[in-house]
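The values are calculated or read from the model by the stated rules, or taken from the named source; none is laboratory data. These numbers were taken from a predicted model, which means no experiment stands behind them. Glycine gets a Cβ as well: all are built from the backbone with ideal geometry, and neighbour counts include every protein chain shown. Ligands, DNA and RNA are excluded from the accessible area calculation, which covers all protein heavy atoms including side chains. Shrake-Rupley method; radii C 1.70, N 1.55, O 1.52, S 1.80 Å.
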Amino acid sequence: MIKSMTGYGIASFDTGNTKYTVEIKSLNSKFLELSLRLPKMFSEKEFQLRNDCSRQIERGKVNLSINTEQANSKVKAAGIDATLLKHYLTQLQQVSTELGQPADNLLQLALGLPEVVKYDEETVSDEEWKIVEDTFKQAMAAFQQFRKDEGDTLEKDVKYRIGIILENLRLVEIEEPKRVPVIRERLNQFLGEAVGREAIDQNRFEQELIYYIDKLDITEEKIRLKTHCDYFIETLQNADANGKKLGFISQEIGREINTLGSKANDANIQKLVVGMKEELEKIKEQLLNVL
């Protein structure tokens, strides 16, 4: 069972006064690249969210956003430190008198000085965070289900392509026995034209032919290719299947296909090998998106 690194999940909860929305999106990546967009009031929860995402998502380029919408927007009133304001204003008036400068707009200037106007920091209550946390869990569940569904589609596709490789291997086994008579006739004809048929030592010819054909034997490659393909399918069905492991197996499949093609020395087998390579490349492209 495999999962896709591409995923999407969204969940919302409306309390009547506030609507909380959590959205998770991901694309394929070799590592976990996590980007969070949170309201300031939830900034202290960022570490917890990152840990949860790292544990559950594992890999991918992930964007997590939390949005809040107030039903009745209220501007939070700012507080004024009257004592500090008076202190600043008195000092400004004294400096203005000493320098003989106009005393216009001293109040406006004093209001802009540090710590005179104070805004209440936004904080999140335990009740609010519980709502957001539950909404996050719902979004994560939807996200994981999306990944699983995409993984099921990927699994069907790569299984289909492994099936084509195995079918081509079956056709190679049908074509393989035809090689020996063709090679024998080709060499016999070449020697006949080169030295004349009457000068050919048939015993020596047969010995050399056996040696030559042994060099072109593809039995081991066929067995290993079949074994790797079976192991690929078995790994797909494991609960702990992962894209990296499947990628390593696909590399081994590629090595056997290449060796088989280089030793085949037959046009029909070469065509089948090209078909295998084409399907294997498509499999590798799909594995790039497997978790």
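Within the range 40-55, residues that are farther than 16 Å from E23 by Cα have Cβ atoms under 6 Å from residues that are open to solvent by 60 Å² or more (accessible area, probe 1.4 Å) in these pairs: K40/E122; M41/E122, counting only partners at least 6 apart in sequence or on another chain. Looking only at the range 50-84, residues that are farther than 30 Å from I10 by Cβ, surrounded by 13 or more Cβ atoms within 10 Å (Cβ to Cβ) and modelled with pLDDT of 80 or more come to 1 in all.
Taking the condition surrounded by 11 or more Cβ atoms within 10 Å (Cβ to Cβ) and at pLDDT below 80, does D104 pass? Judged against the criteria, D104 is not a match. Residues that are open to solvent by 90 Å² or more (accessible area, probe 1.4 Å) and modelled with pLDDT under 80 within the range 109-132 comprise E115, K118, Y119, D120, E121, E122, T123, listed in sequence order. Can you tell me which residue within the range 226-259, out of those that are without any contact (Cβ under 8 Å) to a residue 60 or more places away in the chain, surrounded by 15 or more Cβ atoms within 10 Å (Cβ to Cβ) and under 16 Å from R170 (Cβ atoms), is farthest from the chain's Cα centre (by Cα)? Looking at the filtered set, the residue picked out is E256.
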